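First the structure, in the form of structure tokens, and then the observations on it.
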């Protein structure tokens with residue numbers, strides 16, 4: 001909400017500059033308006049990257065939970081298979097039946113193992129994606145800060161009617177825009 005209030009303030013400054021017919025103030029006001037728009041867009045992108053990092057992190061946790069469930073299932077199948085192997089090796093009237101059950105448990109064991117590995121792969125992909133979003137978020141936060149400082153310094157240029165704060169705010173704005181671009185490279 002404060003970004004919209006800031007934009008309204010800058011529009012008012014631009015309107016006042018037009019009334020005064022001061023070319024320097026008009027140029028600075030235009031820069032402030034441009035920086036405000038770029039700052040608002042950058043903040044929106046920053047929020048989107050934050051949400052992406054959180055969402056993918058949650059997906060990673062869910063995939064890990066599913067992988068853990070499958071590894072537990074694998075362990076239970078392995079234990080049952082081994083018990084049936086021991087019973088089959090002991091011989092007796094049900095030895096053939098135990099051997100069949102052991103083979104069935106072995107098949108389920110392999111399927112559980114494959115499923116667990118697939119969930120671990122999904123977990124790793126989600127972690128990687130979350131880290132990319134987080135890195136972009138940090139770069140966009142720096143960009144937004146540079147842009148906001150540029151806006152603040154522009155106000156000094158309007159008040160003092162000096163060119164160096166205007167140039168400094170333009171440099172900060174360019175640096176902020178450069179960080180936005182760098183965030184997505």
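Of the residues in segment 160-173, how many are within 10 Å of residue 28 (Cβ to Cβ), assigned to a helix (DSSP H, G or I) and more than 31 Å from the chain's Cα centre (by Cα)?
So the count comes out to 3.
Scan segment 32-47 residue by residue and report those that are under 21 Å from residue 162 (Cβ atoms) and surrounded by fewer than 19 Cβ atoms within 10 Å (Cβ to Cβ).
The answer is 33, 34.
Report yes if residue 141 is in a helix (DSSP H, G or I) and more than 15 Å from the chain's Cα centre (by Cα), otherwise no.
no
Read the figures in this text as sums done on the coordinates, not as results from a lab. Fair warning: this is a prediction, and the values are worked out from it, not measured in the lab. All Cβ positions, glycine included, derive from the backbone under ideal geometry; neighbour counts span all protein chains shown.
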